[in-house]
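A.B. asks: I'd like to ask some things about the structure below.
Please treat every number below as a calculation from the coordinates, not as lab data. Source: prediction; values computed, not measured. Don't worry about glycine lacking a Cβ; one is built from the backbone with ideal geometry, like all the others, and counts go over all protein chains shown.
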Amino acid sequence: MLSRNAAAAPATAPAGAASVAKKVAAPKPAVAAITGTPLQIAHTIATQAGLNQQQWVCLDSLWYQESKFETNARNWRSGAFGIPQALPASRMASAGADWRSNPATQIKWGLSYIDVRYGTACNAWAHWERDRWY
């Protein structure tokens, strides 16, 4: 009979069980989901990505102008979509299948886009201020 009693005698492992146990990897701890408003999620992800306060202010200004941090924001003229206003919108699929509705997926894609295209959020914001798009 199995017992949860600490005084119960320890069970002996079958021969070879120790070597099997070494081969089985321990499960990875679950990654905590980032919760909050899209703005709060953006701040958390941007900070985790290494953006400092100055860069955050630029990113906040840029995405507020583009989408007001609305996950389903759409520019009906161009077809740009989401928080970072991806064009075409389907480009965000590279960040996850849930790109249409998940702010974290959109934000991660947007940060990557900014990094590759402009280097920094402030460079992207400067471009937006000059040309009204990025």
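A.B. asks: Dimensions of region 38-131 along principal axes (Cα, Å, largest first)?
C.D. replies: Dimensions of region 38-131 along the principal axes of its Cα atoms: 29, 29, 22 Å.
A.B. asks: Can you list residues from other chains, or at least 5 along the same chain, whose modelled amide H is less than 5 Å from the amide H of ALA86?
C.D. replies: Distant-sequence amide H within range of ALA86: PHE81.
A.B. asks: Among the trypsin sites (Lys or Arg not before Pro) in region 34-132, which ones are in a DSSP loop with at most 14 other Cβ atoms within 10 Å of the Cβ? Mind listing them?
C.D. replies: Here the trypsin sites (Lys or Arg not before Pro) that fit, given the DSSP loop and packing criteria, are LYS68, ARG77, ARG132.
A.B. asks: Another question, if that's okay. For ASP131 and TRP76 in the same chain, what is the full-extension length gain: residue separation times 0.36 nm, less their Cα-Cα distance, in nm?
C.D. replies: Between ASP131 and TRP76, full extension yields 17.9 nm more.
A.B. asks: What is the gain in length, in nm to one decimal, between ARG117 and ARG91 on full extension, counting 0.36 nm per residue of separation less the C-alpha to C-alpha distance?
C.D. replies: Gain on extension, ARG117 to ARG91, equals 8.0 nm.
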